[in-house]
Amino acid sequence: GGLGSWNDLQFVLAVARLGSFLKAARGLETNQSTVARRIQRLEFALGTKIFDRHAHGMELTPPGQVLFDKAVAMENITREIGVHLAGLETEPMGTVRITATEGLGYLWLTPVVAEFCDMYPNIDIEVFTNREEADLLARESDIAIMLNRPTEPRLVVSQVGRVKLGFFLSPKYAAKAGIPADRTELVHHQFTEYTPYRTSTDVGAWLDSFMLDQRVRFKTNSASVYLASIRCGTGIGVLPGFYKFAASDLLE
């Protein structure tokens, strides 16, 4: 069966927030047996328990937590639609904390956020960089933009884009070492390395296919220092394609 109506999900929200069928019944202005019946109906439809009974009250099971998170999202959307339909002037407000890689935050995210801030003057934005392991479930961050797809089932994951990596070098490096004609010539060249790439197994394996340890002359975990090292001619660097717009002085 399906999940039932949106009205059924409101019983899940009430029990999870208030901790018992009795308190949920009072909050929803109904009786305890109705709350229990609605929860049981959802559990039957899902084929899994939504709540476990503990001494301190009803507690969400892992599947229940997933359902609760989605119900909260639906509640927010329903509220937003209601505001628009009612023609009210209530605007969203609060603080949104975003975690992103430094380069992405510097070259793409900040201009987008600046435009967002103009559209929503009552929302404040916090952007933190190079915190790949930010714990979203512990609310260390609300949104994280990262190289690897998270495996935690309680997180809502969406692909926001593809990053095409390419080779970049400075005219200074080209003057002293030349420009490799093809990939086979890379073994004769020096490199500078951005260590956060190593958080991605796929990217790390690709780097190892041509970036020999003895050829890596410079390493850093800072995107800005990395870009500066490429510009200084320390070696060939690997950068996302959008860097050609931000660093047009480099040869791609």
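The values are calculated or read from the model by the stated rules, or taken from the named source; none is laboratory data. From a predicted model like this one, the values you see are computed outputs, not experimental measurements. Positions of Cβ are backbone-derived with ideal geometry, glycine not excepted, and every protein chain shown enters the neighbour counts. We work out accessible area using only protein heavy atoms, side chains counted, and drop any ligands, DNA or RNA first. Shrake-Rupley method; radii C 1.70, N 1.55, O 1.52, S 1.80 Å.
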**Request:** For the range 159-196, enumerate the residues that are part of a loop (DSSP other than H, G, I, E, B), surrounded by 14 or more Cβ atoms within 10 Å (Cβ to Cβ) and either of a type in the set (Gly, Ala, Ser) or on the phi > 0 side of the Ramachandran plot (or both).
**Result:** Ser170
**Message:** Cβ contacts < 9 Å: first residue open to solvent by less than 30 Å² (accessible area, probe 1.4 Å), restricted to the range 216-233; second residue assigned to a loop (DSSP other than H, G, I, E, B) and among the small types (Gly, Ala, Ser), any location; separation 6+ or different chain. Result?
**Reply:** Val216/Gly235; Leu227/Ala247; Ser229/Gly235; Ile230/Ser170; Ile230/Ala247; Gly233/Ser170
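Residues checked against (1) among the basic types (Lys, Arg); (2) open to solvent by 80 Å² or more (accessible area, probe 1.4 Å); (3) assigned to a loop (DSSP other than H, G, I, E, B):
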residue	(1), (2), (3)
Glu126	no, no, no
Asn148	no, no, yes
Val157	no, no, yes
Arg198	yes, yes, no
Ala205	no, no, no
Gln214	no, yes, no
**Request:** Kindly indicate the residue of the range 159-209 that is in contact (Cβ under 8 Å) with a residue 40 or more places away in the chain and of a type in the set (Lys, Arg) and also nearest to Ile145 (Cα to Cα) among those meeting that condition.
**Result:** Lys164
**Request:** Enumerate the helices (runs of 4 or more DSSP H) found wholly within the range 10-110, keeping only those where 3 or more residues are modelled with pLDDT of 85 or more, more than 30 Å from Glu126 (Cα to Cα) and open to solvent by 40 Å² or more (accessible area, probe 1.4 Å).
**Result:** 21-28, 32-46
